[in-house]
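The values are calculated or read from the model by the stated rules, or taken from the named source; none is laboratory data. Just so it is clear, the structure is predicted and the values come from calculations on it, not from any experiment. Reconstructed Cβ throughout: ideal geometry from the backbone, glycine too, with neighbour counts over all protein chains shown. Calculation scope for accessible area: heavy atoms of the full protein, side chains included, ligands and nucleic acids excluded. Shrake-Rupley method; radii C 1.70, N 1.55, O 1.52, S 1.80 Å.
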Amino acid sequence: MGRYIIRRVLWVALVMLIVTFFAFLIFYVMPTADAATIFAGRQPTPETIAEVRKQFGLDKEWYEQYGKFVSDIVTGDEYGWPGFNMSYATRAPIRETIFDRVGVTFQLAVGAAVLWLAIGIPIGIVSAIRKGKMPDRIGMGFALFGVSAPVFWLGIMSLFIFWHKLQWTPGTGYVPFGEDPGEWFGHMILPWGVLSMLYAAVYARMVRSNLLETMGEDYIRTARAKGLKESRVIGKHGLRASLTPVVTMIGLDFGVLLGGAVVTESVFNMNGLGSFLINSVRVGDLPSVTAVIVFAAFFVTFLNLIVDIVYAYLDPRVRYA
């Protein structure tokens with residue numbers, strides 16, 4: 001088990017190295033515009049641009065810049081660890097901005113994950129048990145709607161209905177939990193529902209398909225032949241095996257959400273990583289864009305590592321693959 005974990009950790013390190021290389025290549029090397037002009041202000045003189053380039057090391061060769069870029073992430077810079085240096089647009093340390101905003105995205109991701117699991121898994125189970133009947137058709141109709149409806153459209157429609165017309169929610173924005181738990185929940189419930197719709201639909205279809213396939217296995221027929229109750233056959237034998245892929249999916253999906261639910265945060269005016277990424281792209285703040293990408297990649301690879309370890313613990317055959 002220990003050797004398996006070491007191999008997976010080394011693989012994660014390699015993936016992160018590749019991500020940082022291509023992120024650096026795209027946002028620092030490939031752009032034709034001089035990044036120093038963004039930080040130098042309006043109508044900068046050539047001397048000011050040259051001074052800024054020297055200050056941020058932009059006058060060095062690209063491989064030297066990349067080495068410092070990776071070194072700052074791993075060991076930290078003058079602003080702390082991990083080192084993401086300074087934003088060209090705000091003149092503030094990117095690390096502090098990311099840490100300030102990741103809490104909002106984390107709350108959004110956790111609430112949406114709980115909601116889509118609470119909706120998607122039961123719908124998938126009921127649809128599989130009542131295959132071809134009305135509950136199955138209703139559940140798969142919901143899944144089709146959830147997969148097809150764009151997130152930005154769902155967000156706008158939910159605001160129009162539940163905020164503008166019915167006035168059930170306080171609208172857009174974000175209120176910290178410590179200030180007012182009721183207002184916090186009121187502002188979060190719509191983003192949770194909109195963000196969870198797509199994932200709940202996907203999980204419902206996945207659970208239904210896996211459960212139908214599992215219920216056709218030989219050991220399920222053997223369990224029924226022994227006289228076990230159908231609820232026990234489904235719950236202990238069928239459902240347990242069919243939910244295994246959900247472990248993988250929830251880890252990967254949650255990692256992606258922590259990287260920034262861009263559309264949802266923009267529609268509901270929430271100051272998370274997604275809105276920070278959009279604003280950074282809009283003003284051409286390349287260090288901030290790169291930092292968010294690396295931060296999101298870390299969460300995806302880290303949670304993927306956790307899922308691999310859990311799989312190896314549940315099924316020892318995985319370690320010898």
* To do: Quote the FRET efficiency, to the nearest 0.05, computed for Tyr313 versus Ile156 with a Förster distance R0 of 45 Å and r equal to the Cβ-Cβ distance.
  => 0.55
* In terms of the Cα gyration tensor, with a ≥ b ≥ c the square roots of its eigenvalues, is the chain rounded because a/c is under 1.5, prolate because a/b exceeds b/c, or oblate? -> oblate
* **Probe 1.4 Å, protein heavy atoms only - accessible area per residue of the chain in square angstrom** => 55 Å²
* Zone of Phe21 (label point 7 Å along Cα→Cβ, backbone N under 16 Å): which residues in segment 51-85? -> 62-71
* **segment 54-210: relative contact order in percent, alpha carbon pairs under 8 Å with at least 6 residues between** => 25 percent
* List the lysines whose Cα lies under 25 Å from the Cα of Lys133, skipping any in the same chain that are fewer than 8 positions away. => Lys229, Lys236
* Structure fact -> Calculated from DSSP helices alone, with each H run of at least 4 adding -39500 (n - 2.57) and the total divided by the residues of the chain, [θ]222 nm to the nearest 500 comes to -22500 deg cm²/dmol
* **Apportionment of accessible area to carbon and sulfur, segment 77-170, percent (1.4 Å)** => 69 percent
* Local electrostatic count, Ala143, Cβ distance below 15 Å [Lys/Arg +1, Asp/Glu -1] -> +4
* Sequence-distant lysines (8 or more away, or on other chains) whose Cα lies within less than 25 Å of Lys54 -> Lys68
* Structure fact -> In whole µm²/s, the translational diffusion coefficient that Stokes-Einstein assigns to segment 13-162, given a Kirkwood hydrodynamic radius over C-alpha pairs, 20 °C and 1.002 mPa s, equals 107 µm²/s
* Karplus 3J(HN,Hα) series, Hz, for segment 277-284 with 6.51 cos²θ - 1.76 cosθ + 1.60 (x for Gly, Pro) -> 5, 5, 4, 5, 5, 5, 9, x
* Using the Karplus equation 6.51 cos²θ - 1.76 cosθ + 1.60 (θ = phi - 60°), what ³J(HN,Hα) coupling, rounded to whole Hz, does each residue of segment 249-255 give in order, writing x for Gly and Pro? -> 5, 5, x, 5, 5, 5, x
* Tabulate in residue order the Karplus-calculated ³J(HN,Hα) for segment 8-15, using 6.51 cos²θ - 1.76 cosθ + 1.60 with θ = phi - 60°, rounded to whole Hz; enter x for Gly and Pro. => 5, 5, 5, 5, 4, 4, 5, 4
* Pop out the Kirkwood hydrodynamic radius of segment 226-316 from its pairwise C-alpha distances, inverse of mean 1/r, in Å to one decimal. => 15.7 Å
* Calculate what fraction, in whole %, of the accessible area of segment 211-295 sits on carbon and sulfur atoms when a 1.4 Å probe is rolled over the protein chains. => 60 percent
